[in-house]
Amino acid sequence: MVYQSLREAGHRTALYTSPHLVDVRERFVVDGRPISRSAFAMWTDRLRPDIEVQNASFFEATTAVAFADFAARGADVAVVEVGLGGRLDSTNVITPLVSAVVSLGLDHAEYLGDSLDDVAREKSGIAKRNRPFVIGERDGHLARELERHAHEAGALPDVVRPGAAYDGPIGLVGEHQRRNASIARRVLTSLPAEWRPSGEAIGRGIATAWLPGRIDRRGRWLFDVAHNPDAMRCLTRVLRANETPRPIHAIVGILGDKDWRGILAELQPVTDALWLVTSPNMPASRRWDPAAVCREVGGSARVEEFDDALRNAQQGAGTVVVTGSFYTVGDAMSRLPGFEPLG
């Protein structure tokens with residue numbers, strides 16, 4: 001929403017996001033155009049000596065490629081999504097015009113800590129001296145923790161009140177996006193005057209913003225990358241509220257280190273049949289055991305090979321939901337003609 005509003009204001013705007021669904025080039029976009037294959041190959045080759053000397057991670061390497069590409073393509077301003085945490089994330093080498101934390105969760109506890117207070121400390125590491133730091137977290141205690149850390153960093157914390165919800169036209173699906181839109185608007189209005197879009201540009205940006213794989217309906221297919229219980233709850237609210245055509249068949253593949261019990265507890269009551277799968281590109285070390293999961297959850301769940309599930313789940317379905325992880329959604333999109341994020 002921030003990116004699209006800046007574009008509507010006439011700025012040449014870059015967007016760095018992660019992870020990708022099908023093609024790594026989805027991560028590096030300037031004014032709607034992903035990095036070209038030749039440019040991605042060139043920057044990888046050019047930066048390889050530094051990447052190898054520093055033993056950089058994949059994400060550290062792609063962050064370097066992103067910043068090089070955005071500069072080379074003449075971006076005026078960039079919207080940069082933090083990869084993991086904040087304080088030690090490779091994106092944190094920049095000094096932003098404004099930074100924001102939307103909400104806190106316990107994903108990646110092995111890196112960010114076992115409590116939400118620990119996560120708040122790590123996330124607030126992106127707050128910078130004399131720069132606005134927008135806080136979207138609804139929980140009062142956690143918002144105060146983020147605010148405290150921001151003050152310690154010399155930043156200018158700005159807490160979005162819990163009940164704030166954008167009431168204009170919105171492109172992304174789901175009531176939770178109205179809260180996200182209110183946070184995006186606060187980020188945009190916190191920018192220095194030369195970068196701050198008009199109210200009209202913000203309205204157009206929020207109305208036209210879209211991301212593949214986020215409650216993304218295409219015909220009878222619905223793709224969503226929900227991979228924790230809170231995100232799955234947002235998806236199931238949409239399935240209940242929008243009079244989704246039934247029967248609802250769901251193809252679900254979840255990483256083994258995620259809370260699959262909590263995720264399935266949200267999803268199973270609103271679906272008529274579940275296909276439990278392991279998507280082809282899931283890392284071997286993080287794969288779940290669909291057969292064991294099926295024995296535990298029972299009901300309408302069944303286990304099938306990925307391509308068989310894509311074919312069989314369509315039979316008699318009013319809606320086919322593909323969800324559980326970026327891997328599951330990306331692998332499905334890559335196998336279904338016309339659904340690839342880059343066209």
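The values are calculated or read from the model by the stated rules, or taken from the named source; none is laboratory data. Quantities reported herein were computed from a predicted structural model and do not represent experimental measurements. Using ideal geometry, Cβ is built from the backbone for each residue, glycine included, and neighbour counts are taken over all protein chains shown. Ligands, DNA and RNA are stripped out before the accessible areas are found, and what is left, the full protein with its side chains, is counted by its heavy atoms. Shrake-Rupley method; radii C 1.70, N 1.55, O 1.52, S 1.80 Å.
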Scan the stretch 34-50 residue by residue and report those that are among the hydrophobic types (A, V, I, L, M, F, W, C) and either closer than 12 Å to PHE70 by Cα or touching a helix residue (DSSP H, G or I) at 6+ places or on another chain (Cβ under 8 Å) (or both). ILE35, ALA39, PHE40, TRP43, LEU47
Hey, can you tell me all the residues within the stretch 45-63 that are more than 14 Å from ALA14 (Cβ to Cβ), surrounded by 15 or more Cβ atoms within 10 Å (Cβ to Cβ) and not acidic (Asp, Glu)? LEU47, ILE51, ALA56, PHE59, ALA61
Index of the failed condition, PRO212 passing every other in (1) open to solvent by less than 10 Å² (accessible area, probe 1.4 Å); (2) within 15 Å of the chain's Cα centre (by Cα): (1)
If we scan the stretch 180-187, do we find a residue that is open to solvent by 30 Å² or more (accessible area, probe 1.4 Å) and either aromatic (Phe, Trp, Tyr) or more than 28 Å from GLU122 (Cα to Cα) (or both)? no
With the first residue restricted to the stretch 185-202 and required to be at positive phi, and the second required to be in a loop (DSSP other than H, G, I, E, B) and open to solvent by 30 Å² or more (accessible area, probe 1.4 Å), Cβ contacts under 9 Å at 6 or more apart or on different chains are none
If you take the residues in the stretch 266-275 that are outside any helix (DSSP H, G or I) and either in contact with a Leu (Cβ under 9 Å, 6 or more places away or on another chain) or among the small types (Gly, Ala, Ser) (or both), which one is farthest from ASP308 (Cα to Cα)? THR271
VAL93 vs. criteria among the hydrophobic types (A, V, I, L, M, F, W, C), more than 19 Å from the chain's Cα centre (by Cα), over 19 Å from ALA231 (Cβ atoms) and open to solvent by 60 Å² or more (accessible area, probe 1.4 Å): yes
Counting just the residues of the stretch 286-313 that are modelled with pLDDT of 95 or more and small (Gly, Ala, Ser), which one comes out nearest to THR244 (Cα to Cα)? ALA313
Being in contact with a strand residue (DSSP E or B) (Cβ under 8 Å, 6 or more places away or on another chain) and open to solvent by less than 30 Å² (accessible area, probe 1.4 Å) narrows it down to one residue among ALA14, ALA68; which is it? ALA14
List pairs: first residue in the stretch 140-152 and surrounded by 15 or more Cβ atoms within 10 Å (Cβ to Cβ), second residue among the hydrophobic types (A, V, I, L, M, F, W, C) and part of a helix (DSSP H, G or I) anywhere in the structure, Cβ distance under 6 angstrom, at least six positions apart or on different chains. LEU142/LEU116; LEU142/ALA120; GLU145/ALA120; LEU146/ALA120
Regarding the stretch 229-244, can at least one residue be identified that is in contact with a Lys or Arg (Cβ under 8 Å, 6 or more places away or on another chain), surrounded by fewer than 21 Cβ atoms within 10 Å (Cβ to Cβ) and not aromatic (Phe, Trp, Tyr)? no
Pick from the stretch 126-139, criterion of a type in the set (A, V, I, L, M, F, W, C) and outside any strand (DSSP E or B), ranking: surrounded by the most Cβ atoms within 10 Å (Cβ to Cβ): ALA127
Being under 18 Å from the mean Cα position of the chain (by Cα), part of a loop (DSSP other than H, G, I, E, B) and closer than 18 Å to ARG218 by Cβ is true for just one of PRO337, PRO341, PRO245. Which residue is that? PRO341
Selection from the stretch 81-109 of residues outside any loop (DSSP other than H, G, I, E, B), among the hydrophobic types (A, V, I, L, M, F, W, C) and at pLDDT 95 or above yields VAL93, ALA100, VAL101
